[in-house]
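Laboratory data are not the source of any read-out in this text; all were calculated from the coordinates shown. The structure presented is a predicted model; accordingly, all values stated were derived computationally and were not measured. Note that each Cβ is placed from the backbone with ideal geometry, even for glycine, and that neighbours are counted across all protein chains shown.
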């Protein structure tokens, strides 16, 4: 039985909120890549193999909307657009590092091939 | 530019592996709920509002396949089936707690409404 403490019948709001962003394919990977430094659309596409242009555009818009990524227009010429983590996005990086360590140590290798 | 260190052109394998499981809707929430204790199918369905029976069955099979959840058959009578975290699943709990804290502190409230 699920323990009857702390309103166990509903997944807690903080985790629900976290996975409203991270529980969608690519978002966690994009944030981790941006943690290495700001990048252009083309650089991000190369950094996340398998993502399509449409999906990358959608995900970046979503991450901007969630306040985790800034879209930075550099006036140039030529004008260029880069994406960078906000402070809120940066604060996620240590947690993603822990998540990576957990995956390395605890997640069955086969899992990666099932998605 | 993305920093040219540590093979930056590819999202690192550990994060990719972590999000092969967690980057799918419901998986993170299901694991967090199971962190409160083992539960039956019906209990899990109630604990994660909005999930369908089909999706819950699919996700549980996936989490069992990834070695994060055990399907425990209790002989009864009546026979019953419960789901419980494995050790690997348990080791994720502190990271999920950190993720929840990050979401509470840093994730725009609006994000939760966009999924």
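Structure notes:
- Residue check for residue B:101: within 8 Å of chain A (Cβ to nearest Cβ), part of a helix (DSSP H, G or I) and surrounded by fewer than 18 Cβ atoms within 10 Å (Cβ to Cβ): yes
- Residues in region A:39-54 that are crowded, with 18+ Cβ neighbours inside 10 Å and either on the phi > 0 side of the Ramachandran plot or more than 7 Å from chain B (Cβ to nearest Cβ) (or both): A:44, A:51.
- Number of residues in region A:48-100 that are closer than 21 Å to residue B:14 by Cα and in contact with a helix residue (DSSP H, G or I) (Cβ under 7 Å, 6 or more places away or on another chain): the value is 13.
- Check on residue A:57, within 8 Å of chain B (Cβ to nearest Cβ) and either touching a strand residue (DSSP E or B) at 6+ places or on another chain (Cβ under 8 Å) or farther than 24 Å from residue B:102 by Cα (or both): no
- Search result, residues across region B:65-87 that are in contact (Cβ under 8 Å) with a residue 12 or more places away in the chain, closer than 26 Å to residue A:102 by Cβ and surrounded by fewer than 16 Cβ atoms within 10 Å (Cβ to Cβ): B:71, B:72, B:84
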